[in-house]
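See structure below.
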Amino acid sequence: MRPEKKRRFGTPHWIADKMELSRVAEYAMLLNRPWRLIWLNLLAGTSRGVGIAVGFTFFAATIIYVLQVLGKLNLPIIGDYIADIVRIVQHQLELSTY
């Protein structure tokens, strides 16, 4: 709000200022340009997909690394189970499907 004028809630000027801050006009312009809306949504979806793929890759690699370290510790029952899981994962990585 401007210091020279105090605006009351609900007055047209106050509502216009709040609508301008919420970018309603930009949203309305975007709705009138469907190809831009499609492009922005395609770009956002691709970015999310790549981010999820990279994040999951780091997460899975960390889990596999931890399992390999635990397998080397030779724990009685857990070590054999973990070694089997690591062996299965390494076998799957060595297979070429294409």
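The values are calculated or read from the model by the stated rules, or taken from the named source; none is laboratory data. Quick caveat: nothing in here was measured; it's all calculated off a predicted structure. Glycine also receives a Cβ, built like all others from the backbone with ideal geometry; neighbour counts cover every protein chain displayed. Calculation scope for accessible area: heavy atoms of the full protein, side chains included, ligands and nucleic acids excluded. Shrake-Rupley method; radii C 1.70, N 1.55, O 1.52, S 1.80 Å.
Using the structure shown, decide if residue 92 is polar (S, T, N, Q), surrounded by 10 or more Cβ atoms within 10 Å (Cβ to Cβ) and modelled with pLDDT of 80 or more. No, not satisfied. Scanning segment 34-72 for residues that are hydrophobic (A, V, I, L, M, F, W, C) and farther than 28 Å from residue 85 by Cβ yields 35, 37, 38, 39, 40, 42, 43, 44. If you check residue 64 against the conditions, is it open to solvent by less than 100 Å² (accessible area, probe 1.4 Å) and touching a residue at least 24 places away in the same chain (Cβ under 8 Å)? When the stated conditions are applied, residue 64 passes them.
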